1. Consider region 107-138. How many of its residues are in a loop (DSSP other than H, G, I, E, B), of a type in the set (Ser, Thr, Tyr) and within 25 Å of the chain's Cα centre (by Cα)?
2. Which ones in region 79-101 are of a type in the set (Ser, Thr, Tyr), buried (at least 17 other Cβ atoms within 10 Å of the Cβ) and farther than 30 Å from residue 200 by Cβ?
3. Restricting attention to region 189-208, does a residue exist that is within 27 Å of the chain's Cα centre (by Cα), farther than 19 Å from residue 60 by Cα, surrounded by 20 or more Cβ atoms within 10 Å (Cβ to Cβ) and of a type in the set (A, V, I, L, M, F, W, C)?
4. Could you identify the single residue in 215, 207, 211 that is in contact with a Gly (Cβ under 6 Å, 6 or more places away or on another chain), over 15 Å from residue 130 (Cα atoms), among the hydrophobic types (A, V, I, L, M, F, W, C) and touching a residue at least 60 places away in the same chain (Cβ under 8 Å)?
5. What pairs come out if I take residues in region 93-105 that are within 18 Å of residue 213 (Cα to Cα) and in contact (Cβ under 8 Å) with a residue 60 or more places away in the chain and pair them with residues that are assigned to a helix (DSSP H, G or I) and among the small types (Gly, Ala, Ser) whose C-beta lies under 9 Å away, six or more apart or interchain?
6. If you scan region 116-132, which residues turn out to be in contact (Cβ under 8 Å) with a residue 24 or more places away in the chain and not charged (D, E, K, R)?
Amino acid sequence: MIFQTLILPLALAAQSASTPAPPPAKRPLPTFAPPPPPPPLPVPKAVDAPDTRPYVALVTDLGTITVRLEDKRAPVTAKNFLRYVDSKRLDTFKFYRTTKSWGPGNALVQAGNRGDARLNYPPIAHEPTKTTGLTNCKGALSMARLNPGDATSDFFLLLSDIKGFDSDAPGGDGAGFAVFGEIVSGADVAAKIFETPVSPTAGDGVMKGQMIEPMVAIKSARRVPAPADAPNGCVVKAAP
């Protein structure tokens, strides 16, 4: 009886030892909501680079014309013009020609040294528009010349588009006239010069009947700060 009493607990113990205990139930891992995305960074406002191009005010008998020089695109021609300005030689020059006899499609006024030729600096190298990326549009400031490379002091202010002056114009001479700036204010003054009386007899060749009488003097030419409302202009050719 005692033996049986001992055997029964041992058997139960052996049975419990041979039966593996069930694994503990897995607890679900804690979940966390992802943090919200950071707010987008503010887009910086585009800031235009400061305009470092030179501006020059031409004070004439009929009012003031302000021009902007494209000194990065046409450095040789712009530097030449500024040399006359800074030396004050331009103060003695005059507007002496108007092409109103050519009609409104080829309108310009021409200015330069009409006195002592010794005031002219040496001729400058020609900068064609196909190289500079500029164009002879209405308001353009272009260099006058007879042949490429002989320009000194004379310049044009265009009062209409004259694309035939561009170096790549069909039927042109392949050189054209060098643009180096444009009017930014005082176009009405240039128009007054264009409409001034002319001598019926003065002038040679194509310039006969185009010589202003009396000529319009440039009383002073000085560098001025860039106007706050200066227009973008037209002389820089748009990308194709």
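1. If we filter region 107-138 for residues that are in a loop (DSSP other than H, G, I, E, B), which is where we start, we get 107, 113-116, 120-128, 133, 135-138.
From the residues that got through so far, the ones that are of a type in the set (Ser, Thr, Tyr) too are 121, 135.
Filter once more, keeping what is within 25 Å of the chain's Cα centre (by Cα): 135.
Within region 107-138, residues that are in a loop (DSSP other than H, G, I, E, B), of a type in the set (Ser, Thr, Tyr) and within 25 Å of the chain's Cα centre (by Cα) number 1.
2. Listed by number, the list holds a single entry, 84.
3. No.
4. 211
5. Close Cβ pairs (under 9 Å, with a partner that is assigned to a helix (DSSP H, G or I) and among the small types (Gly, Ala, Ser)) amount to 95/190.
6. The answer is 119, 120, 121, 122, 123, 124, 125, 126, 128, 129, 131, 132.
For (1) at pLDDT below 95; (2) in contact with an Asp or Glu (Cβ under 7 Å, 6 or more places away or on another chain); (3) in a loop (DSSP other than H, G, I, E, B), each residue gets a yes or a no:
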| residue | (1), (2), (3) |
| --- | --- |
| 153 | no, no, yes |
| 215 | no, no, no |
| 223 | no, no, no |
| 238 | yes, no, yes |
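The values are calculated or read from the model by the stated rules, or taken from the named source; none is laboratory data. Everything numeric here is computed off the predicted structure, so don't read it as measured data. A quick note on method: Cβ atoms are made from the backbone with ideal geometry, for glycine too, and the neighbour counts reach across all protein chains shown.
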